[in-house]
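Worksheet: one structure, shown below.
The values are calculated or read from the model by the stated rules, or taken from the named source; none is laboratory data. The model shown is predicted, which means the values in this text are computed figures rather than measured ones. Positions of Cβ are generated from backbone atoms using ideal geometry, with glycine treated the same way; all protein chains shown enter the neighbour counts. To get the accessible areas, we keep the full protein, side chains included, count just its heavy atoms, and leave off ligands, DNA and RNA. Shrake-Rupley method; radii C 1.70, N 1.55, O 1.52, S 1.80 Å.
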Amino acid sequence: MKIQCTSCDYVGDAVSLQKGSRSKEIALWCCLFLPGLLYTLWRQSSDGHYMGCPQCRSARFRTLTRREWKDLERQGLLKA
Ligand SMILES: [Zn+2]
């Protein structure tokens with residue numbers, strides 16, 4: 001999926017990112033066993049993933065149509 005990130009103006013492929021944070025996961029595991037387990041399971045499930053910008057991890061982006069992508073490509077705005 002080609003995207004244009006509204007936060008950092010990244011243009012390119014969206015990547016699948018994990019919600020939540022690793023440090024929070026570890027903290028939960030250390031303090032409370034059950035919430036830590038649930039949190040880990042949630043992050044590993046499809047619910048715990050979202051498509052986002054690989055540069056700033058933002059989920060706020062605009063999906064580019066094939067036509068828009070071609071236009072950008074022609075204008076030489078793509079680094080890749
Ligand atoms: Zn971004």
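Brief remarks on what is shown
- Those residues of segment 34-62 which are at pLDDT 90 or above and either basic (Lys, Arg) or open to solvent by less than 40 Å² (accessible area, probe 1.4 Å) (or both), in sequence order: Gly36, Tyr39, Thr40, Gly52, Cys53, Arg57, Ser58, Arg60, Arg62
- Summed over segment 25-80, the residues that are within 16 Å of the ligand (Cβ to nearest atom) and either touching a helix residue (DSSP H, G or I) at 6+ places or on another chain (Cβ under 9 Å) or not hydroxyl-bearing (Ser, Thr, Tyr) (or both) give a count of 17.
- Residues of segment 63-80 that are open to solvent by 60 Å² or more (accessible area, probe 1.4 Å) and of a type in the set (A, V, I, L, M, F, W, C): Leu77, Ala80.
Conditions tested, residue by residue: (1) polar (S, T, N, Q); (2) more than 16 Å from Leu72 (Cβ to Cβ); (3) open to solvent by less than 90 Å² (accessible area, probe 1.4 Å).
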residue	(1), (2), (3)
Gln4	yes, no, yes
Ser7	yes, yes, yes
Gly12	no, no, yes
Cys30	no, yes, no
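- Contact annotation: residue pairs with Cβ atoms under 7 Å, 6 or more positions apart or on different chains, pairing a residue in segment 11-24 that is under 12 Å from Arg57 (Cα atoms) with a partner that is basic (Lys, Arg) and surrounded by 13 or more Cβ atoms within 10 Å (Cβ to Cβ), are Leu17/Arg57; Gln18/Arg43; Lys19/Arg43; Gly20/Arg43.
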